[in-house]
Amino acid sequence: MNLEDLDYILESLLLVSGNGIGIEDITEVLGLQKSEVDESVKRLKKKYSGKRGILLISYRNKIQFASNPKYAESVESVLKPVREKELSSAALETVAIVAYRQPVTRLEIEQVRGVNCDYAIQILQKHNLIEVVGRKDAVGKPLLYGTTEAFLKRFRIEDINQLPDYDKLLESITVIEANGRAQAANLYNDFELPEEEVPEFLSEETNVDKIE
């Protein structure tokens with residue numbers, strides 16, 4: 001493998017991964033010497049440095065692309081409203097899954113939604129709609145999530161046993177959003193649940209079990 005190809009391969013790996021990649025993993029899978037990868041990393045660090053928007057960082061024998069902190073304010077100002085708009089539906093689906101299946105792990109939520117739910121869970125925790133309620137007795141002891149008192153108050157439910165069917169829950173959400181946006185400003189200062197139909201993953205369910 002020539003040097004130029006190796007540089008391009010590492011660029012592709014870093015772009016697609018989005019997370020840190022171990023140097024040892026790269027050398028093992030591609031059948032390369034560590035010195036070859038190290039030299040490629042040096043070349044890429046020189047290329048992705050200074051004022052560029054993307055930087056190559058290394059830590060704990062891993063490498064990763066990262067945005068330049070110099071432009072963080074501009075990036076956030078553009079992406080924050082876009083991300084919130086895109087995630088409004090994701091957050092609604094996620095909190096519904098937690099409400100009806102609690103206690104539930106992140107992996108179990110993702111198995112229902114079919115996508116990564118880390119950010120949606122963070123948003124819901126930030127606004128105190130879900131919380132960690134324990135750990136599952138399984139390999140790795142994953143965290144279990146459940147709804148909070150703030151969730152009950154937000155959706156006007158006195159007790160989780162009174163959880164309505166999914167259609168009624170969505171109806172209550174839209175009414176609250178229409179009439180109580182200002183009242184809920186402290187809880188939802190930068191996050192709102194949209195008025196929308198039942199998410200596709202529950203569209204064919206007629207009887208959703210209530211939490212006992």
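The values are calculated or read from the model by the stated rules, or taken from the named source; none is laboratory data. Predicted model only: the values in this text are computed from it and were never measured. Methodologically, a virtual Cβ is constructed for each residue, glycine included, from the backbone with ideal geometry; neighbour enumeration extends over all protein chains shown. The accessibility values were calculated without ligands, DNA or RNA, using every heavy atom of the protein model including side chains. Shrake-Rupley method; radii C 1.70, N 1.55, O 1.52, S 1.80 Å.
With a 1.4 Å probe and all protein chains left in place, how much accessible area per residue does the stretch 1-149 have, in Å²?
Accessible area per residue: 62 Å².
Using a ≥ b ≥ c from the Cα gyration tensor of the stretch 12-117 (square roots of the eigenvalues), is it rounded, prolate or oblate, where a/c under 1.5 gives rounded and otherwise the larger of a/b and b/c decides, a/b for prolate?
The shape class here is oblate.
Determine the gain in length on full extension of the stretch V75-I160; use 0.36 nm per residue of separation and subtract their C-alpha separation, reporting nm with one decimal.
26.6 nm
Would you give the gap between the C-alpha center of the stretch 1-67 and the C-alpha center of the stretch 109-166, rounded to a whole Å?
Between the Cα centre of the stretch 1-67 and that of the stretch 109-166, the gap is 37 Å.
Out of the total accessible area of the stretch 1-137 (probe 1.4 Å, heavy atoms of protein only), what percent is carbon and sulfur?
51 percent
Using the structure shown, list the pairs from K62/K126; K34/K141; K47/K126; K42/K70 with a Cα-Cα distance above 27 Å, or answer none.
K62/K126; K34/K141; K47/K126
For an R0 of 35 angstrom, estimate the FRET efficiency from the Cβ-Cβ distance between N2 and V139 and round to the nearest 0.05.
For N2 and V139, the calculated efficiency is 0.20.
Would you please give the FRET efficiency between K153 and K45, computed as 1/(1 + (r/R0)^6) with r the Cβ-Cβ distance and R0 = 41 Å, to the nearest 0.05?
0.20
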